């Protein structure tokens, strides 16, 4: 749920157990953050030295991906999965480095906080008032063979923080007054537990439809049971990102694919619209959704046509902007879609006020 609960410590414990039973284990990247207990637990484990990267006159240190692959251990411990690499290395994000390590036949143990999941970005911002900038695609977590929750009560975590076991003394007061408030930690803990419960539910269902003769009947019925398909109506502006993430979470719960649709007005896009569209495409790609762009002045009819083509069963949209003049007399878009698409559910996603600031300390 947060820094300081003991993720890195648990990762190192797991690595030591694997080494004791005879597996070849190395540490590819370790962040102790000055925590003596964590550093002590790493003693005796082989550590791959970091590589140095020069960026804007500053020398930075990053994980040495090539050295890990060349060393070819059985298991590699890699801390802070959501980390953004310095420009100039193989990949922009550490989770992409991990993909290369896995492709080389090396198992990976890694750590991540729940607020780093892309689909939870808006929810975490609403709960904590802090916009987390470093995220990973949810699909990365979904591909894990095993997920371990390192759980700690908010009260215990605050005790660790005050005792100097999370951050240096000079950072404790700022942390207590900023991110590490008990209401924040309680909310994030609940989000973390819910996320893992969802993962467990999805994995149990996947197992149920693939094993046993008795379960074969369930597998045969599964296409009808999970034949939902979601369509989210978006525009290329930051306000759409929350809708996209909410739609993706809904699609995950239903085990359904997600399409995004922007019905753009005819004509040439402005530079700002082009940049926003690129950002929207990147978010869609990150989440594994498909972005469809249709050029038309007929919004309801175009949405209906795409929904029929995609066999959509569920449409999600944000609140419409208030109409002016004669447009006030027009039938609202949700009602018009219900008329054009009988049998398709339409949901309006609330646009809650957000108060994000910056990443947690």
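The rows are residues; the columns are (1) within 30 Å of residue 196 (Cβ to Cβ); (2) in contact with a helix residue (DSSP H, G or I) (Cβ under 8 Å, 6 or more places away or on another chain); (3) at pLDDT below 90.
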position	(1), (2), (3)
251	yes, no, yes
254	yes, no, yes
258	yes, yes, no
269	no, yes, yes
288	yes, yes, yes
295	no, no, no
301	no, yes, no
308	no, no, no
316	yes, yes, no
| remark: Filter region 177-197 for residues that are in contact (Cβ under 8 Å) with a residue 60 or more places away in the chain and not in a helix (DSSP H, G or I); the one that is surrounded by the most Cβ atoms within 10 Å (Cβ to Cβ) is 180
| note | Only one of (1) over 30 Å from residue 288 (Cβ atoms); (2) modelled with pLDDT of 85 or more does not apply to residue 178, and that is (2)
| message | So, residue 145, is that one within 29 Å of residue 256 (Cβ to Cβ) and either touching a residue at least 40 places away in the same chain (Cβ under 8 Å) or outside the structural domain of residue 246 (by TED's automatic domain parsing) (or both) or not? | response | yes
| query | Inside region 153-176, can you point out the residues that are closer than 30 Å to residue 92 by Cβ, in contact with a helix residue (DSSP H, G or I) (Cβ under 9 Å, 6 or more places away or on another chain) and in a helix (DSSP H, G or I)? | reply | 175
| note | For helices (runs of 4 or more DSSP H) lying entirely in region 1-91, having 2 or more residues that are at pLDDT below 95 and surrounded by 12 or more Cβ atoms within 10 Å (Cβ to Cβ) picks out 7-20, 36-42
| request: For residues that are surrounded by fewer than 19 Cβ atoms within 10 Å (Cβ to Cβ) and over 16 Å from the mean Cα position of the chain (by Cα), tally how many sit in region 240-261. | output: 4
| query | Could we say that residue 150 is assigned to a loop (DSSP other than H, G, I, E, B), at pLDDT 90 or above and closer than 17 Å to residue 6 by Cα here? | reply | yes
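The values are calculated or read from the model by the stated rules, or taken from the named source; none is laboratory data. These numbers were taken from a predicted model, which means no experiment stands behind them. With ideal geometry, Cβ positions are generated from the backbone for all residues, glycine too; neighbour counts draw on all protein chains shown.
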